[in-house]
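Undergrad: My questions all concern the structure below.
The values are calculated or read from the model by the stated rules, or taken from the named source; none is laboratory data. Note that this is a predicted model, so its numbers are computed, not measured. Methodologically, a virtual Cβ is constructed for each residue, glycine included, from the backbone with ideal geometry; neighbour enumeration extends over all protein chains shown.
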Amino acid sequence: MDFRFTPEEEAFRDEIREFLRKELPPNWEEMFDVETAEGSDAQWDFALQFQRKLAKRRWLALAWPPEYGGMGAPIMHQVIFNEEMAYNRAPLAFNMGVAWVGPALMIYGTDWQKQRFLPAIASGEEIWCTLYSEPGAGSDLASLQTRAVLEGDEWVINGQKIWTTYAHRADWGYLAARTDPDAPKHKGISVFLVPMKAPGITVQPLINMAGQHGFNQVFFDNVRIPKDYLVGEVNRGWYQVAVALDFERSSISGVARSQRLWEDLIGFARQERWLTSNRPQVRLRLAEIGVEIEVGKYLSYRVASLQQAGKIPNYEASIAKLYSSELGQRLARTGMQLLGLYGQLHSRSPWTRLKGRIERYYLTSVAETIGGGTSEVQRNVIATRGLGLPRG
Ligand SMILES: Cc1cc2nc3c(=O)[nH]c(=O)nc-3n(C[C@H](O)[C@H](O)[C@H](O)COP(=O)(O)OP(=O)(O)OC[C@H]3O[C@@H](n4cnc5c(N)ncnc54)[C@H](O)[C@@H]3O)c2cc1C
């Protein structure tokens, strides 16, 4: 077994590192370290401008075909890109338009939809959010109740979505709504493209326990959108949402973020002279996390190599997601234990250590085991599809 990257892949990694070194201004991270509850406009503008620079190099959607603004690059390049972005804490490593709206439109969209929307996603001009979850429909997404009714040439939408990341920043939303309330629940759902500034849409912030404004509630009150904003076939939306799309599913970003924080912790332990023989537990714990990071990486590379070989990862992607998100929590706990009470201090405190990153990671890593499918849901997938255990 050879786990090495090819010389071409290594050269691409170097190119990204060089780009990030040149393009991210000195001390840019300070703007992101001191967070406001709202997530400041300055942070957002900085991230948007940076995203457009990536788009100019065709890196934003690098695995997409060139006619839609990508490079047609292999999936492993996408993985390397995501890994470097996350490791270097570059802003906006993740973009829903690129990750699933675009790939879905390539499969199910009309020619008009492809031409109208794909280049604007790849160029970073338009930002998308995902309008799936509802107060009564998360893991059991097929229970969603938001209604879309066709009236003449328009769909009329009513209902509520929740946990919508970037709804307050997005230009467009990718919406799953019920179009046939009498059909079995999986067979009455359709998918729509919704302009987030349409009359009747209200976005209300939800502040997470780290004090950040990332997600929102979104209310639809007789929102009217043109008929041709439907994606694919009516009432076939569930299958469109569920289909394993050709986007990067390796969860490498989470592992790379953890690796960077783990390296910070090692540096701090060195500086504080904790790595001495009278405190063996510090070295042991850091070594243990080091092993876990290696495991997480190879689980991620395994998913990518399956995709590269043209296979659709299934339970393998669940293993990588589960492991990477729970690794983040184990690392945050280790950081908390090592730093003691200092670990709880916010980045704004004058006595903070490691720029408050342990406190922030401890709080934000909780969401990682919920968003994108909870750990229990991932374990169910691994048990049934991976191990062939019975469902009920
Ligand atoms: C940071 C973050 C960002 C998000 N962004 C978006 C977004 O942009 N758009 C969007 O639509 N949604 C988003 N979500 C919502 C996310 O998809 C849901 O939170 C997730 O699917 C879980 O649904 P729920 O919160 O309703 O919990 P529930 O499904 O109600 O689950 C509650 C608990 O029950 C457990 N459980 C549920 N079903 C089972 C089962 N069959 N077997 C065992 N245990 C089970 C769960 O694991 C969990 O512990 C985001 C969530 C987070 C945390």
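Results for (1) at pLDDT below 95; (2) closer than 22 Å to residue 17 by Cα, shown as yes or no for each residue.
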position: 46; (1), (2): yes, yes
position: 65; (1), (2): yes, no
position: 142; (1), (2): no, no
position: 151; (1), (2): no, no
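Undergrad: Checking the structure you have, find out if any residue of region 67-74 is within 16 Å of the ligand (Cβ to nearest atom), buried (at least 17 other Cβ atoms within 10 Å of the Cβ) and of a type in the set (Gly, Ala, Ser).
TA: no
Undergrad: I'd like the full set of residues that are touching a residue at least 60 places away in the same chain (Cβ under 8 Å), within 12 Å of the ligand (Cβ to nearest atom) and over 11 Å from residue 175 (Cβ atoms), limited to region 139-162.
TA: The answer is 139, 141, 142, 160.
Undergrad: Restricting to region 169-194, count the residues that are within 18 Å of residue 124 (Cβ to Cβ) and either within 12 Å of the ligand (Cβ to nearest atom) or surrounded by fewer than 17 Cβ atoms within 10 Å (Cβ to Cβ) (or both).
TA: 5
Undergrad: Right, next: Scan 260, 249, 236, 285 and give me the residue that is touching a Pro at 6+ places or on another chain (Cβ under 8 Å) and basic (Lys, Arg).
TA: Result: 249 is the single residue among 260, 249, 236, 285 that is touching a Pro at 6+ places or on another chain (Cβ under 8 Å) and basic (Lys, Arg).
Undergrad: Give 135, 119 a once-over and let me know the one that is within 16 Å of the ligand (Cβ to nearest atom) and farther than 30 Å from residue 30 by Cβ.
TA: None of the others qualify; the one that does is 135.
Undergrad: Now for a separate question. Tell me whether region 350-359 contains one or more residues that are modelled with pLDDT of 95 or more and of a type in the set (Gly, Ala, Ser).
TA: no
Undergrad: Would you say residue 50 is surrounded by 17 or more Cβ atoms within 10 Å (Cβ to Cβ), at pLDDT 95 or above and out of contact with any strand residue (DSSP E or B) (no Cβ under 8 Å at 6 or more places or on another chain)?
TA: no
Undergrad: Now a separate question. Within region 282-294, is even one residue at pLDDT 95 or above and within 14 Å of the ligand (Cβ to nearest atom)?
TA: No, every residue in region 282-294 fails to be at pLDDT 95 or above and within 14 Å of the ligand (Cβ to nearest atom).
Undergrad: Among the residues of region 369-378, write down those that are within 8 Å of the ligand (Cβ to nearest atom) and not in a loop (DSSP other than H, G, I, E, B). Talk me through it step by step, then tell me what you get.
TA: Just the residues of region 369-378 that are within 8 Å of the ligand (Cβ to nearest atom), to begin with: 370-377.
Across region 369-378, the qualifying residues are 375, 376, 377.
Undergrad: Does residue 212 fit the bill of being within 10 Å of the ligand (Cβ to nearest atom) and surrounded by 16 or more Cβ atoms within 10 Å (Cβ to Cβ)?
TA: yes
Undergrad: A follow-up question, please. Could you pull out the residue among 303, 366, 381 that is within 16 Å of the ligand (Cβ to nearest atom) and over 21 Å from residue 285 (Cβ atoms)?
TA: 381
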